[in-house]
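Working notes, structure below.
The values are calculated or read from the model by the stated rules, or taken from the named source; none is laboratory data. Because the structure is a prediction, the values reported are computed rather than measured. Cβ: placed from backbone, ideal geometry, glycine included. Neighbour counts: every protein chain shown. Areas reflect the complete protein model, heavy atoms only, side chains present, ligands, DNA and RNA absent. Shrake-Rupley method; radii C 1.70, N 1.55, O 1.52, S 1.80 Å.
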Amino acid sequence: MKVKMLSRNPDNYVRETKLDLQRVPRNYDPTLHPFEVPREYVRALNATKLERVFAKPFLASLDGHRDGVNCLAKHPKNLATVLSGACDGEVRIWNLTQRNCIRTIQAHEGFVRGICTRFCGTSFFTVGDDKTVKQWKMDGPGYGEEEEPLHTILGKTVYTGIDHHWKEAVFATCGQQVDIWDEQRTNPICSMTWGFDSISSVKFNPVETFLLGSCASDRNIVLYDMRQATPLKKVILDMRTNTICWNPMEAFIFTAANEDYNLYTFDMRALDTPVMVHMDHVSAVLDVDYSPTGKEFVSASFDKSIRIFPVDKSRSREVYHTKRMQHVICVKWTSDSKYIMCGSDEMNIRLWKANASEKLGVLTSREKAAKDYNQKLKEKFQHYPHIKRIARHRHLPKSIYSQIQEQRIMKEARRRKEVNRIKHSKPGSVPIVSEKKKHIVAVVK
């Protein structure tokens, strides 16, 4: 006679200590779990709802400036240090962990037009309306010492922007032309110009560090090579570009913030067509900055809001606004990719979370596991209508909401007119122009 016995190894189900979790034997055979997908759908729905419930992105407001904040700069080595320049010529250095101002400098007469830090973080440069470029020490003066710049360069024209090379002791300024300076000299190494209009901003490429991009008020975006000391090529758009920002991960990609409410991501190898047109703002876009990961960027607009766009999407994933925030002039994404800073007209610098519902502080291993699980569920069910609607919904101020509706009507009217024109014309006589190519006037090499 056969006797069947159950044989169990206690190691498989007995806890080693009472602090451990109970081990639960699980059989993952799908035939035993017929309701797995509906159960996961409910979990994904709840995770999406909770994400919107806990979406509280605003962290702090740094006040102290007596005029609108015109430019921001990050410290390259220290996450907590931020520099800001105001319209009254004042520069302040902030400590983000303590959320207070640690140093104030009266740097210029009139606006501070641009501010940038040296790649090693020991000093920073400012340009202003008083036609000067000044270099300052990052550390404050010692006891009894005056607050004096290390170097002052007096130029012939007003400088409107400045940026420092990522690896060498070289910086670039822009105004009537793009000037490349050595830190030790009082005259530029070389001056580059193409056209006769004022240039509003200049940026060094963080990957191919000899390349620069600049945007001028005659609607041009011009690319330069510092080694040849010549312009490479330029693209002319329908309206003026306010500033550009290079992707820190992909050497050829940059994004331009335009006056026509859009942002354009270009590949510099093929400037005739943008890689993507990013549309959501309802007023001129004034500034743009990339996340250190290169996957997203943040834009600041005259419509009193900031938006976060994925690089490969035409619509923003997030919009931030407050009742008090006026026209946002400058924006920066911090180097740890977790926070966003914006400076606006009403003298405040605001600190936001990059992920609105992210929990700050130390997460336990169980919290991390739950967060990752919920994230995967949301990705799996993201296209289901109910979940998609909840995840996409954002409350907007009445002014922005009504402008969006108005622009939607205008866009639909233009589309209808185009369709009618094609319908009542000889086949092939009216060219069909894609949305990407509509705004490009010409590319000049």
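Can you confirm whether region 95-105 contains a residue that is in contact with a Cys (Cβ under 7 Å, 6 or more places away or on another chain), under 23 Å from Cys174 (Cβ atoms) and surrounded by 15 or more Cβ atoms within 10 Å (Cβ to Cβ)? No, region 95-105 has no match at all.
Scanning region 143-159 for residues that are of a type in the set (S, T, N, Q) and either more than 30 Å from Ser198 (Cβ to Cβ) or not in a loop (DSSP other than H, G, I, E, B) (or both) turns up just one, Thr152.
Are any residues in region 347-382 polar (S, T, N, Q), out of contact with any helix residue (DSSP H, G or I) (no Cβ under 7 Å at 6 or more places or on another chain) and surrounded by fewer than 19 Cβ atoms within 10 Å (Cβ to Cβ), and if so, which ones?
If we filter region 347-382 for residues that are polar (S, T, N, Q), which is where we start, we get 348, 355, 357, 364-365, 374-375, 382.
Next cut, out of contact with any helix residue (DSSP H, G or I) (no Cβ under 7 Å at 6 or more places or on another chain) only: 348, 355, 364-365, 375.
Once the filter is applied, which keeps residues that are polar (S, T, N, Q), out of contact with any helix residue (DSSP H, G or I) (no Cβ under 7 Å at 6 or more places or on another chain) and surrounded by fewer than 19 Cβ atoms within 10 Å (Cβ to Cβ), region 347-382 yields Asn355, Thr364, Ser365, Gln375.
Looking only at residues of region 277-309 that are within 13 Å of the chain's Cα centre (by Cα) and among the charged types (D, E, K, R), we find that the one that is surrounded by the fewest Cβ atoms within 10 Å (Cβ to Cβ) is Lys295.
Could you list all residues from region 216-265 that are at positive phi and of a type in the set (S, T, N, Q)?
none
Among the conditions (1) closer than 30 Å to Tyr320 by Cβ; (2) open to solvent by 60 Å² or more (accessible area, probe 1.4 Å), the only one that Glu418 does not satisfy is (1). Scanning region 1-54 for residues that are open to solvent by less than 100 Å² (accessible area, probe 1.4 Å), charged (D, E, K, R) and in contact with a Leu (Cβ under 9 Å, 6 or more places away or on another chain) yields a count of 2.
Beta carbons closer than 6 Å, at least 6 apart along the sequence or on distinct chains, pair a first residue in region 55-66 that is touching a residue at least 40 places away in the same chain (Cβ under 8 Å) and open to solvent by less than 20 Å² (accessible area, probe 1.4 Å) with a second that is part of a loop (DSSP other than H, G, I, E, B) and not β-branched (Val, Ile, Thr) for Ala60/Arg99; His65/Met347.
For the criterion of being in contact with a Leu (Cβ under 9 Å, 6 or more places away or on another chain) and modelled with pLDDT under 95, Lys445 passes. Among residues that are within 14 Å of the chain's Cα centre (by Cα) and closer than 16 Å to Ser201 by Cα, Val319 is not included. Looking across region 424-440 at every residue that is open to solvent by 80 Å² or more (accessible area, probe 1.4 Å) and under 29 Å from the mean Cα position of the chain (by Cα), the one that is nearest to Asp272 (Cα to Cα) is identified as Lys437.
Would you confirm, using the coordinates I've provided, whether Asp260 is under 20 Å from the mean Cα position of the chain (by Cα), under 21 Å from Lys295 (Cβ atoms), of a type in the set (D, E, K, R) and open to solvent by less than 40 Å² (accessible area, probe 1.4 Å)? Even if it seems obvious, please write down each step before you answer.
Details: under 20 Å from the mean Cα position of the chain (by Cα): yes; under 21 Å from Lys295 (Cβ atoms): no; of a type in the set (D, E, K, R): yes; open to solvent by less than 40 Å² (accessible area, probe 1.4 Å): yes.
So Asp260 fails the test.
Being closer than 30 Å to Leu21 by Cα and among the aromatic types (Phe, Trp, Tyr) is not true of Tyr320.
Filtered by the rule that a residue be among the hydroxyl-bearing types (Ser, Thr, Tyr), part of a loop (DSSP other than H, G, I, E, B) and open to solvent by less than 30 Å² (accessible area, probe 1.4 Å), region 160-219 gives a lone residue, Thr209.
For region 292-306, the tally of residues that are within 25 Å of Gln326 (Cβ to Cβ) and out of contact with any helix residue (DSSP H, G or I) (no Cβ under 9 Å at 6 or more places or on another chain) stands at 8. Scanning region 330-346 for residues that are open to solvent by 60 Å² or more (accessible area, probe 1.4 Å), at positive phi and at pLDDT below 95 turns up nothing.
Filter region 384-399 down to residues that are more than 26 Å from the chain's Cα centre (by Cα) and either of a type in the set (A, V, I, L, M) or surrounded by fewer than 10 Cβ atoms within 10 Å (Cβ to Cβ) (or both) and give me whichever is farthest from Glu51 (Cα to Cα). First the steps, then the outcome.
Initial filter on region 384-399 (more than 26 Å from the chain's Cα centre (by Cα)): 384-387.
Remaining after also requiring either of a type in the set (A, V, I, L, M) or surrounded by fewer than 10 Cβ atoms within 10 Å (Cβ to Cβ) (or both): 385, 387.
Values: Pro385: 17, Ile387: 11 Å.
Within region 384-399, the match that is farthest from Glu51 (Cα to Cα) is Pro385.
Taking region 310-326 only, how many residues are in contact with a Lys or Arg (Cβ under 7 Å, 6 or more places away or on another chain), modelled with pLDDT of 95 or more and open to solvent by less than 40 Å² (accessible area, probe 1.4 Å)? Here the count works out to 5. Taking strands (runs of 3 or more DSSP E) as the structural unit, those lying wholly within region 39-142 and holding at least 1 residues that are of a type outside the set (A, V, I, L, M), within 30 Å of Ala356 (Cα to Cα) and over 19 Å from the mean Cα position of the chain (by Cα) correspond to 58-63, 90-95, 100-106. The residues on offer are His395, His383, and the sole one that is in a loop (DSSP other than H, G, I, E, B) and within 17 Å of Asp280 (Cα to Cα) is His395. Restricting attention to region 251-261, the residues being assigned to a strand (DSSP E or B) and at pLDDT below 95 number 0. Here is the figure for region 224-237: residues that are over 16 Å from Phe119 (Cβ atoms) and surrounded by 21 or more Cβ atoms within 10 Å (Cβ to Cβ) total 4.
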